[in-house]
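The values are calculated or read from the model by the stated rules, or taken from the named source; none is laboratory data. All values reported here derive from a predicted model rather than from experimental measurement. Every residue, glycine as well, gets a Cβ built from its backbone with ideal geometry; the counts of neighbours run over all protein chains shown. Side chains included, ligands, DNA and RNA excluded: accessible areas come from the protein's heavy atoms. Shrake-Rupley method; radii C 1.70, N 1.55, O 1.52, S 1.80 Å.
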Amino acid sequence: MSWGTELWDQFDNLEKHTQWGIDILEKYIKFVKERTEIELSYAKQLRNLAKKYQPKKNSKEEEEYRYTACKAFLSTLNEMNDYAGQHEVISENMTSNITVELARYVQELKQERKSYFHDGRKAQQHIEICWKQLESSKRRFERDCKEADRAQQYFEKMDADINVTKADVEKARQQAQARHQMAEDSKADYSSILQKFNHEQHEYYHTHIPNIFQKIQEMEERRIVRIGESMKTYAEVDRQVIPIIGKCLDEIVKAAESIDQKNDSQLVIEAYKSGFEPPGDVEFEDYTQPMKRTVSDNSLSNSRGEGKPELKFGGKSKGKLWPFIKKNKLMSLLTSPHQPPPPPPASASPSAVPNGPQSPKQPKEPLSHRFNEFMTSKPKIHCFRSLKRGLSLKLGATPEDFSNLPPEQRRKKLQQKVDELNKEIQKEMDQRDAITKMKDVYLKNPQMGDPASLDHKLTEVSQNIEKLRLEAQKFEAWLAEVEGRLPARSEQARRQSGMFDAQNPATVNNCAQDRESSPDGSYTEDQSQEGEVKVLATDFDDEFDEEEPLPAIGTCKALYTFEGQNEGTISVVEGETLYVIEEDKGDGWTRIRRNEDEEGYVPTSYVEVYLDKNAKGAKTYI
């Protein structure tokens, strides 16, 4: 069906329809453009989301990504970046293949449509002019015919009148003939113009308008085909990225399937394993017998009681004791109270009470409580060689040999340090080899450079290698000590320790089983019988003679008199002023000092404490 034959009289409607088609095309372009903006925005939001949950460098989060579940999550974040990239590809392809192309086509379409309708209007104007000419000639012919009839009637009237002269009759006859001639001429002219008009009208309705309308129809059909092709392209752009998006999703599934719960559980063990062994059974304590202070894990008195064999060690070997504690401090701390202090006396002065307030009893604390206290206390130092690093621990610094960590964690840190030093050594050696090769080139080709200019650099690199090797040897020695490849003590001390264990099989348990928290947060690696402590007292004093006492963190005034009858406590008199060296840690006892060799615990409710703000850091204890 052709618009030229079927719609020959619908010029205006076709003009409106084609304009509507262009509007539809522009609307589709706008739709695709907004889709590309959505894709870009979505891709940007996906990238920001993936970036937000990426682990921060040099943070604790990086360590967490050792676990397979976290690795899978990291892989998911990386795949989301690729996923976002595909949405950017969709936006780019739609912009270049649809939006830009259709915008150019719309401009061409508008120009073509304008040209066709211009030709149509021109044909309309031409046929209208021809019609006007036809109407004009027709009116002229009609007028001339009427005038010829009037002239003929006038001539006949004059000819019939006998009173009219012959000259007047002749004049009327000539005028009638002239009018008849004019009518004939107008008739001929009208006939000619009518034929011309009919020809032009035929051409207009059967040639010009059909051709123009046919071109407009073809233009409109091309527009329809083009918008259909654009819709196919729209779908193809999405389809092209589906395999890559599917691959991203497959990688996410693969990462999820790579999660190994057993491996993550093993990593937890490696991260937090202390290397200690669980405590042994708690001994039965018989309270049916009168309680008298006997040899126990919490006392150093009566070290020779109950037939315990006295051991004498040669040289400077020592038993397993709490580090950083002098003998007098050790005696005080070992016997420090572990039960709630007595309440203050009801009267204003304790003199009204016959015997004054009673010092706390000293029952042996269950080992599980001591173990819990050990587990929640600050990291401890395991060997006497860490003595001089005690102060750095108080100030919160990490010892160089990581002796503040449990054995297993310490081993891992030392191994990591050794690996780092070996990498640095290898790097320096590679640099030395490069400088050596360059020096050989200079020796063979002096024009390239002076070999002597590299001597200083070569010496500097060699010194760096030597320093790093010494440092690596130091950490390897510590690592060997932790792993048991090198003895932590002398062989003689180890033999003596073994002999002691053999002589005390009933009371000496595994070192990890007998670790207990000391009152100030330290612990014993093998707190056995008091006899061992007694025997080692001399060597112990030699080891710690130069240690400074704990600094005072304030002063206190005794509100009541307190008779310290048990080990670890100290007697005070009402009104007496003393130094505070350790605050109440929540157990109701405050550690104070009278002089350099006299210190102990008193109930917190018996004293009024004045802390020195500048010395607040001294609250930290080992």
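Scanning segment 166-178 for residues that are open to solvent by 70 Å² or more (accessible area, probe 1.4 Å) and under 12 Å from Gln153 (Cα atoms) returns Arg173, Gln175, Gln177. Selection of segment 398-418 for residues being open to solvent by less than 70 Å² (accessible area, probe 1.4 Å), charged (D, E, K, R) and either modelled with pLDDT of 90 or more or not in a helix (DSSP H, G or I) (or both) yields only Asp401.
Rundown of residues vs (1) over 30 Å from Trp20 (Cβ atoms); (2) touching a residue at least 12 places away in the same chain (Cβ under 8 Å); (3) among the hydrophobic types (A, V, I, L, M, F, W, C), yes/no style:
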| position | (1), (2), (3) |
| --- | --- |
| Tyr116 | no, yes, no |
| Ala123 | no, yes, yes |
| Ile127 | no, yes, yes |
| Ser137 | yes, yes, no |
| Phe141 | yes, yes, yes |
| Met158 | yes, yes, yes |
| Asp168 | yes, no, no |
| Ala178 | yes, yes, yes |
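Within segment 233-250, the set of residues being open to solvent by less than 40 Å² (accessible area, probe 1.4 Å) and small (Gly, Ala, Ser) comprises just one member, Gly246. Within segment 552-566, residues that are on the phi > 0 side of the Ramachandran plot and of a type in the set (Gly, Ala, Ser) reach partners that are open to solvent by 40 Å² or more (accessible area, probe 1.4 Å) and assigned to a loop (DSSP other than H, G, I, E, B) with beta carbons closer than 8 Å, at six or more positions or on different chains, in the pairs Gly554/Asp612.
Checking the stated criteria, Lys474 turns out not to satisfy the condition of being open to solvent by less than 90 Å² (accessible area, probe 1.4 Å) and in contact with a helix residue (DSSP H, G or I) (Cβ under 9 Å, 6 or more places away or on another chain). Checking the stated criteria, Glu481 turns out to be buried (at least 17 other Cβ atoms within 10 Å of the Cβ), at pLDDT below 85 and closer than 24 Å to Lys413 by Cβ.
Can you find even one residue in segment 563-571 that is modelled with pLDDT of 80 or more, outside any loop (DSSP other than H, G, I, E, B) and acidic (Asp, Glu)?
In the first step, residues of segment 563-571 are kept if they are modelled with pLDDT of 80 or more; the result is 563-564, 568-571.
Still in the list and also outside any loop (DSSP other than H, G, I, E, B): 569.
Among the residues that remain, those that are also acidic (Asp, Glu) are: none.
For segment 563-571, residues modelled with pLDDT of 80 or more, outside any loop (DSSP other than H, G, I, E, B) and acidic (Asp, Glu): absent.
Count, please, the residues in segment 180-221 that happen to be touching a residue at least 40 places away in the same chain (Cβ under 8 Å) and not small (Gly, Ala, Ser). Count: 24.
Every residue in segment 128-138 that is open to solvent by less than 100 Å² (accessible area, probe 1.4 Å) and either among the basic types (Lys, Arg) or modelled with pLDDT under 90 (or both), please. Step through it out loud before you land on a result.
Step one: of segment 128-138, the residues open to solvent by less than 100 Å² (accessible area, probe 1.4 Å) are 129-130, 133-138.
Answer for segment 128-138, where residues must be open to solvent by less than 100 Å² (accessible area, probe 1.4 Å) and either among the basic types (Lys, Arg) or modelled with pLDDT under 90 (or both): just Lys138.
Considering every residue within segment 547-559, establish whether at least one is modelled with pLDDT of 90 or more and part of a loop (DSSP other than H, G, I, E, B). Scanning segment 547-559, I find at least one residue that is modelled with pLDDT of 90 or more and part of a loop (DSSP other than H, G, I, E, B), so the answer is yes. You will find that of Glu37, Glu15, Glu26, the residue that is open to solvent by 40 Å² or more (accessible area, probe 1.4 Å), in a helix (DSSP H, G or I), more than 22 Å from Ala235 (Cβ to Cβ) and in contact with a helix residue (DSSP H, G or I) (Cβ under 8 Å, 6 or more places away or on another chain) is Glu15 and no other.
Name every residue in segment 251-275 that is assigned to a helix (DSSP H, G or I), open to solvent by less than 70 Å² (accessible area, probe 1.4 Å) and not hydroxyl-bearing (Ser, Thr, Tyr), in order of residue number. Once the filter is applied, which keeps residues that are assigned to a helix (DSSP H, G or I), open to solvent by less than 70 Å² (accessible area, probe 1.4 Å) and not hydroxyl-bearing (Ser, Thr, Tyr), segment 251-275 yields Glu251, Ile252, Ala255, Ala256, Asn263, Asp264, Leu267, Val268, Ala271.
Give the residues of segment 583-598 that are surrounded by fewer than 22 Cβ atoms within 10 Å (Cβ to Cβ) and part of a strand (DSSP E or B), sorted by residue number. Walk me through it before giving the result.
Going residue by residue through segment 583-598, those that are surrounded by fewer than 22 Cβ atoms within 10 Å (Cβ to Cβ) are 583-588, 593-598.
Hits for segment 583-598 are Arg593, Arg594, Asn595, Glu598.
Filtering segment 169-210 to residues that are touching a helix residue (DSSP H, G or I) at 6+ places or on another chain (Cβ under 7 Å) and over 30 Å from Ala151 (Cβ atoms) leaves Glu200, Gln201, Tyr204, His208, Ile209, Pro210.
On the given criteria, is Gln111 under 30 Å from Arg226 (Cα atoms) and open to solvent by 70 Å² or more (accessible area, probe 1.4 Å)?
yes
Limited to segment 53-86, what total is found for residues that are more than 18 Å from Ala256 (Cβ to Cβ), open to solvent by less than 80 Å² (accessible area, probe 1.4 Å) and in a loop (DSSP other than H, G, I, E, B)?
Restricting attention to segment 53-86, the residues satisfying the condition of being more than 18 Å from Ala256 (Cβ to Cβ) are 54-63, 84-86.
Of the ones still in play, those that are also open to solvent by less than 80 Å² (accessible area, probe 1.4 Å) are 54-55, 59, 61, 84-86.
In the following step, the residues that additionally are in a loop (DSSP other than H, G, I, E, B) were identified as 54-55, 59.
Of the residues in segment 53-86, 3 are more than 18 Å from Ala256 (Cβ to Cβ), open to solvent by less than 80 Å² (accessible area, probe 1.4 Å) and in a loop (DSSP other than H, G, I, E, B).
Within segment 139-164, if we keep just the residues that are open to solvent by 90 Å² or more (accessible area, probe 1.4 Å) and in contact with a helix residue (DSSP H, G or I) (Cβ under 6 Å, 6 or more places away or on another chain), the residue that is modelled with the lowest pLDDT turns out to be Asp159.
Flag set for Glu220, criterion: of a type in the set (D, E, K, R), open to solvent by less than 90 Å² (accessible area, probe 1.4 Å), modelled with pLDDT under 95 and closer than 30 Å to Tyr116 by Cα.
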